[in-house]
Structures are given as structure tokens and as C-alpha cells.
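Encoded as C-alpha cells, the structure appears first; notes follow it.
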Amino acid sequence: MSAPRSFLFVRKCDGFHQPLMQLCGGRASKRLYSEASRNTPNFGLLFDIDGVIIRGKHILPSAPEAFNLLVDKYGKFRVPTVFVTNAGNALRNDKAEQLSQWLGIEVHEDQVVMAHSPLKMFDQYFNKQLLISGQGPTLEIAKNLGFCNTATVDEVRRAYPQLDCVDHKRRSLNVDEQAPKIPKFDAMMLFGEPVRWETSLQLMIDILMTGGDLSASPTAPYPHLPILACNMDLQWMAEAHMPRFGHGAFLLCLEALYKKVTGNDLIYTALVGKPSEITYYHAETMVQHHARLIGINHPITKLYAIGDNVHTDIFGMNLYQEYVRRHRRSKKHVAMQGARGLDLSTHDFKGLMADQCYSVLVKTGVFNGQQLLEHSPRDFLPVESKLQEPSITVKCVLEAITNIFKKEKFS
């Protein structure tokens, strides 16, 4: 489907065309919601994207058929569905548009969780001066999340060209007089892997060594400035026949360099994206919200996370199941891994309604049947082997859906 999302999609049905209504709003949408099936699910689905639905920019063969099972004859979702990706290089509405085109069904941005989505909970940094790193519309992403004062690595390089000297061909000692002045940084926010790792690694270490003031001498203050980081994937699956480095590989380099230069461990104030528990909590709140939108008025008590990576998708969902158990046992706020800088007392956690969480592994992505090495993020170790064991293992996303439907006696 190539039509823009601003149009109403149509599907021929019973000899005439029915509009495929948008997810939210409108009298017609409400009328469709009232026609919900009596077979109403009490479960929700969390889909990884890369390696599950697509490989690179190509949709996997079984994905369209799998998602046709999730919608009715009007194209409206029958099952609460959210897409949880560790990608951090796009806006949610852009990713929703991509998914709509790939799958041939309407996906709303409120069904999309990007790696950076949980950062909106860290509102104490909204007015701080932040360095931001990654690809895509990073400034717009930061603004949409609520962060007001930001500067990119490229802006820092323009203001301090003599600090970037690994690439001799573009090395320059001439300061750009038109470059904006860079205020002292209060924190760093890393959305995803940059293009030029050597430049970003150098300038980030410089900022940490100077306490955020690049015009000052390095004193290596410790604890260092807060670091908010997204996407811990060491590897991900694109068009190539073997996995490629992800942002987790870049973070590993940053951690090693900082340790080598200072002798101290790098500390993350926030480490979000899969497998962090806060990402799965954020995704659950969106599942519960989507359930209300499609006419399901009871809580969703079961969650199925479908992914291709045992170190993120499977480990993350199993971690969240453990968190749910601890939370229900204590009946109060329980600390989340990867969220040192989050004051849990300011959040009500009313969205936490699920009590059963299942991890589903597909074999169309990173997973190769061996997984001999431990690739889990440093801050989530040690890892119990049972936390990397999926509840269900299947060949592809279509088989995942049919297995879940059979288990839930849903048709």
C-alpha cells in the first residue's frame, strides 16, 4: 500500500467499498467500535520490527498474512497491538506510516514505541542543556519528547573544530565564526549510533572530562554528567546475511574508552529501550490505551512480546514479568533497571495491569540457534539463563500469531 496516511484506505467487501477508518475519532469510528466481536481478547501483543516484520527495508513474506489475522473486515484491529522497536532514528508518526505501508493496514503513532519514547518520563531534564547524538531528525525527536535546549555533535564540532582530528582529510584548525556558541552542557542524550563514531566518541569523552564546558581544562569530575541513552542492541538484522553492529556496540566503545581514560566506570542515568523494564511498562500502558480505543473495556491481563533477539526481546519481556511479580508482591514502587534517574514516586503506575507476560522468539532475524556469547547490556548483568529462554519458539511471525490464538482460544 502506497497511499499517504492522510487518506482513508478502502477495502472491497461484500460487493461495495467500506472505509478503513482511522484509529481515533469520528462518528464512523465509534460505530465500528460498537461492532466488536463477542470473542474479545484479554491479551495484547508487542511486536519487534527488525527481524520480525522486516529485514532492512524489505517486509518478510509471512508478515502481511499474520497481520491480516489481527484486523476485522474493515481493517480495524481486533487485538490490542503495539510495535516496540529499539530504533531511535525516526519520529513515531514516520515509523507508523512505514508500518502502514508495509503491512497494508492502518497503524497509528500511538501504537509505536521507539527506543527513546520512555525518555518523556525524565522531565527533570526538559530545560537542561543537552548534547544529543544519533541519526535522523534528532533535534525534532528531542523537542517532541519535551527537551528544549539541545545541541548536536555536528554543532559542537563546528564550534570546536580542533577537537575533531582523527580524520586528517577533514581536520581543521579554523574556527567557524558563524557557528553558534555552545553553552555548558548539563547532560548527554544518545538516541542511536552516529555516522562518524570517532568524532562522537572523542567529543563525548571531552564533554565528560570537562564537566560539560569544552572551553575548560579536563579535570575528569566524578560522578560525571548524566547520560540518557537509548537502544542497547549490540547487533541487529538488516538485509545482510549476518547481524550488523547496533547502538549497543557504540555504547560498549564509549564505556571502554571512558574506563581506560579515567579508571572509572561510565554511569547511565537512563538506559532505555529493550530490554529495560521501563520500556515494557511504557509499552503496556499503550497496549491498555489501544484496547480502549478498539472497544475493549476490560483490562488486558496477558502480554505477548514477539521478537528475534534473546538478549533484548526475550530477556526484556522476561525481566518485565519478574518486575510485575515484584511490584504486585510489594504493592509499592519498585526500582527499575536502567532508570537510576527516574523518581518513581512521581508516577502512579496505574497502567500496570498485566499479570502474565510471555516472550515469543522467531527465527527470521538475529537468532541463529546457538547464541553462545553473552551480549546483554553491561548494566543488566549478571543474567540468569532462564531469563533468556522464550516461552514460545516459532519459525516466523505468522506462526507466532497462530500459536497465540490457539493458546488463547481466540479466532
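The values are calculated or read from the model by the stated rules, or taken from the named source; none is laboratory data. Please read these numbers as outputs of a predicted model, since none were measured by experiment. FYI the Cβ positions are ideal-geometry reconstructions off the backbone, even for glycines, and counts take in every protein chain you see. To get the accessible areas, we keep the full protein, side chains included, count just its heavy atoms, and leave off ligands, DNA and RNA. Shrake-Rupley method; radii C 1.70, N 1.55, O 1.52, S 1.80 Å.
Placing +1 on each Lys and Arg Cβ and -1 on each Asp and Glu Cβ, with no other charges, gives the chain a dipole about its Cα centre of roughly 1180 debye. For the range 93-219, the relative contact order comes to 23 percent (Cα pairs under 8 Å, sequence separation of at least 6). Heavy-atom accessible area for Lys128, with the other protein chains in place and a 1.4 Å probe, reaches approximately 90 Å². Largest mean-square fluctuation among Asp206, Asp348, Asp308, in a Gaussian network model of the chain whose springs join Cα atoms under 10 Å apart, belongs to Asp348. With a simple spin-label model that places each label point 7 Å from the Cα along the Cα-to-Cβ direction, the separation between Leu252 and His347 comes to 2.8 nm. Per the Cα gyration tensor, the range 294-370 maps to an equivalent ellipsoid with semi-axes of 26, 18, 11 Å, ordered largest to smallest.
Which entries of Lys120/Lys143; Lys57/Lys95; Lys76/Lys350; Lys302/Lys407; Lys302/Lys350 have Cα-Cα distances beyond 19 Å here? In this structure, Lys76/Lys350 lie more than 19 Å apart at Cα. Against the main long axis of the alpha-carbon atoms of the chain, helix 247-262 sits at an angle near 30°. Computed from Cα atoms, the angle from the helix 397-408 axis to the main principal axis of the chain rounds to 60 degrees. Cα centroid separation, the range 127-153 to the range 192-247: 15 Å.
Comparing Ser276, Ser215, Ser359 in a Gaussian network model of the chain (Cα springs below 10 Å), the most mobile by mean-square fluctuation is Ser215.
Between Met242 and Ala179, the modelled labels are 3.8 nm apart [label points 7 Å from Cα along Cα→Cβ].
Here the label points at Asp123 and Ala335, each 7 Å from Cα along the C-beta direction, are separated by 2.4 nm in the simple model.
Residues considered: Pro64, Pro80, Pro221. Largest GNM mean-square fluctuation over the chain, using C-alpha springs under 10 Å, is found at Pro221.
On average over all directions, what projected area in square nanometres does the range 200-260 have, based on the convex hull of its Cα atoms? Average projection, Cα convex hull of the range 200-260: 4.9 nm². Only one residue of Gln178, Asn68, Val113 has its Cα farthest out toward the positive end of the dipole of the chain, where Lys and Arg carry +1 and Asp and Glu -1 on Cβ, and that residue is Asn68. Only DSSP H runs of four or more residues enter the estimate; each adds -39500 (n - 2.57), and after division by the residues of the chain the mean residue ellipticity at 222 nm equals -8500 deg cm²/dmol.
With contacts taken as Cα pairs under 8 Å and at least 6 residues apart, the chain reaches a relative contact order of 18 percent.
Of the listed values (1) 24.7, 93; (2) 22.3, 75; (3) 21.1, 75, grab the one calculated as Rg and Dmax of the Cα atoms in Å from the structure here. Of the listed options (1) 24.7, 93; (2) 22.3, 75; (3) 21.1, 75, (2) comes from this structure.
Full extension of the chain between Val166 and Asp265 gives 33.2 nm of extra length, using 0.36 nm per residue less the Cα-Cα distance.
Placing +1 on the Cβ of every Lys and Arg and -1 on the Cβ of every Asp and Glu, with no other charges, gives the range 279-411 a dipole of roughly 480 debye about its Cα centre.
Of all aspartates and glutamates in the structure, the ones whose alpha carbon falls short of 18 Å from that of Lys386, not counting any fewer than 8 places away in one chain, are Glu277, Asp308, Asp313, Glu322, Glu374.
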